[in-house]
Structure formats: structure tokens, C-alpha cells
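Peer 1: Sharing a structure with you now.
The values are calculated or read from the model by the stated rules, or taken from the named source; none is laboratory data. Computed from a predicted structure; not experimentally measured. Note that we place each Cβ from the backbone using ideal geometry, even for glycine, and neighbour counts take in every protein chain shown.
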Amino acid sequence: MPETTGADPTPKQSHLDAIGAQVLTCTKCALHRTRTLGVPGVGPATARLMAIGEAPGEREDKEGRPFVGAAGRLLTELLEGVGLSRQDIFITNVIKSRPPGNRDPLPEEVLACSDYLDAQIAVIQPEVILLLGRHALQRLLPNAPGISRCHGQLIRADERTYMPCYHPAAALYQASLLPALRADFEKLRMHLGTQGERPAAPGVAGAFEGAKREAEQLGLF
Ligand code: URA
């Protein structure tokens with residue numbers, strides 16, 4: 001069952017949980033035949049920030065939770081570095097079932113999941129939607145320039161505020177992207193007015209090294 005924040009959920013939380021329950025039994029695309037668990041997303045309906053990645057990977061597919069692998073550890077450390085706790089934000093993906101072999105989502109899979117993602121955004125009404133990587137960018141801001149040109153910008157569209165940034169997994173592949181990723185999270189901190197360590201804090205750099213080692217050991221990247 002999707003996670004809830006307590007025994008007595010608000011109507012908003014109940015709505016969000018109901019969307020999650022639909023994802024768990026969804027058969028709208030072929031991925032339901034190969035997935036272990038659907039991964040609706042986690043976090044409170046009151047979240048000020050929503051982070052959207054690409055698709056569940058191997059560990060997410062087994063645990064039913066998003067961003068629990070190496071990229072998730074880096075994401076957690078980046079969030080904490082700017083004063084945001086994972087528990088306070090809603091984390092999800094463009095598609096809710098793992099594509100076999102972690103291949104890119106197909107257009108029909110993105111389409112099949114689009115109602116779930118749109119409904120989650122409509123319920124939560126986050127102040128900022130963090131678009132993690134090019135698949136989230138293409139899904140929510142199809143007319144935006146590529147991620148390398150628009151990352152770190154606060155973009156207003158359809159009465160919502162988006163911030164595209166590099167996907168944490170991309171920074172695990174390509175360490176040269178990490179400074180830009182950290183700078184974008186710093187902009188997020190300034191926009192949301194959260195307190196946090198400076199981005200150059202050793203904790204973040206350490207987490208990056210740890211996540212990279214874990215990724216290599218798991219053969220994820
Ligand atoms: N884990 C997720 O849940 N999503 C991604 O995009 C990558 C890793």
C-alpha cells in the first residue's frame with residue numbers, strides 16, 4: 001500500500017494515496033508484466049517541493065519506493081545540504097513501473113502514466129517542481145531547451161514553477177556535472193528560503209563518493 005503520513009489522513013492525503021493505490025494495480029501498459037512493484041511515489045500531500053525523476057530502477061522496483069539506490073542517496077544528500085528533508089518532499093517519477101534493463105521509457109509508457117503524474121501534481125500543488133533530468137523536462141516542459149541550457153532556471157508555465165536540473169544518476173556517471181547540480185540546489189534553497197549547509201559542505205562531496213562506490217559495486221551504472 002502507498003505510504004501515508006498518519007492514521008487519520010486529510011482529504012488531500014487520501015486522494016494522493018488513492019492515486020498510489022491505482023498505480024499498484026495499473027495494467028495500462030506492458031510494463032505491468034515485467035515489474036515487481038509499481039512505484040507511485042512517496043511523500044506528504046502538503047509538500048512544498050515535488051521532485052520528479054525518470055523511472056524506477058532495479059532497487060526501486062523491488063522495494064516499491066522511488067530513489068532508494070545510489071542516485072537516491074545522492075539526491076538525499078543534495079536535499080539535506082540545502083535544508084530539505086526527504087520526508088518533507090514528494091518524490092516520484094515520470095513513469096511508475098521499471099522498464100526492463102533500465103532502458104529509456106517509451107512514449108506510450110510515458111503517456112500511460114501521464115494521468116497519474118498530472119493528478120499527483122494537481123493534488124499536491126507544490127510551490128516548485130524539480131525536474132530531475134531530460135525525461136522529466138520533456139514530459140512537463142516539452143518546449144523548453146535541453147537540460148544543459150535550462151538547468152537551474154525557475155520556469156513559470158501553466159501557473160506552476162519548475163526547476164530543471166541534471167539527474168543525480170547523470171552526475172554519478174559524469175562527475176563534472178556535480179558542481180552545476182549543487183549550484184542548482186543552492187538556487188532552490190534561496191527560492192524556498194530553507195536553511196542549509198553551503199553546497200561545498202564535505203558531507204555532500206562524501207555522499208557523492210559513497211554513492212558512486214555503491215553504484216559501481218552494484219553494477220548499476
Ligand atoms: N530512481 C528513481 O526512482 N528514478 C530515477 O529516475 C532514478 C533512480
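Peer 1: Are any residues in segment 49-70 within 19 Å of CYS113 (Cβ to Cβ), buried (at least 23 other Cβ atoms within 10 Å of the Cβ) and of a type in the set (Gly, Ala, Ser), and if so, which ones?
Peer 2: Answer for segment 49-70, where residues must be within 19 Å of CYS113 (Cβ to Cβ), buried (at least 23 other Cβ atoms within 10 Å of the Cβ) and of a type in the set (Gly, Ala, Ser): ALA51, GLY53, ALA55, GLY57.
Peer 1: Here is a follow-up. Would it be correct to say that PRO40 is of a type outside the set (Val, Ile, Thr) and either near the ligand (Cβ under 9 Å from one of its atoms) or assigned to a helix (DSSP H, G or I) (or both)? Give the steps one after another, and end with the answer.
Peer 2: Details: of a type outside the set (Val, Ile, Thr): yes; either near the ligand (Cβ under 9 Å from one of its atoms) or assigned to a helix (DSSP H, G or I) (or both): no.
When the stated conditions are applied, PRO40 does not pass them.
For (1) at pLDDT below 95; (2) within 24 Å of GLU108 (Cα to Cα); (3) assigned to a loop (DSSP other than H, G, I, E, B); (4) among the hydrophobic types (A, V, I, L, M, F, W, C), each residue gets a yes or a no:
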{"site": "GLU3", "(1), (2), (3), (4)": "yes, no, yes, no"}
{"site": "ASP17", "(1), (2), (3), (4)": "no, no, no, no"}
{"site": "ALA45", "(1), (2), (3), (4)": "no, no, yes, yes"}
{"site": "LYS62", "(1), (2), (3), (4)": "no, yes, no, no"}
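Peer 1: Can you run down the residue pairs with Cβ atoms below 6 Å, 6 or more apart or on separate chains, where the first is in segment 88-106 and under 23 Å from THR76 (Cα atoms) and at pLDDT 95 or above and the partner is part of a loop (DSSP other than H, G, I, E, B) and away from the ligand (no atom under 13 Å from the Cβ)?
Peer 2: From residues that are under 23 Å from THR76 (Cα atoms) and at pLDDT 95 or above, the pairs are ILE89/ALA47; PHE90/ALA47.
Peer 1: Further, regarding this structure: Just wondering, is there one or more residues in segment 98-109 that are surrounded by 18 or more Cβ atoms within 10 Å (Cβ to Cβ), under 15 Å from ALA51 (Cβ atoms) and touching a Cys at 6+ places or on another chain (Cβ under 8 Å)? Don't jump to the end; show me each part of the working.
Peer 2: As a first pass, look at segment 98-109 and keep what is surrounded by 18 or more Cβ atoms within 10 Å (Cβ to Cβ): 98-99, 105, 109.
Next, from what is left, pick out any that are under 15 Å from ALA51 (Cβ atoms): none.
No.
Peer 1: Additional query: For segment 62-89, give me each residue that is within 11 Å of the ligand (Cβ to nearest atom) and at negative phi.
Peer 2: Of segment 62-89, the ones within 11 Å of the ligand (Cβ to nearest atom) are 63-75.
Result: GLU63, ARG65, PRO66, VAL68, GLY69, ALA70, ALA71, GLY72, ARG73, LEU74, LEU75.
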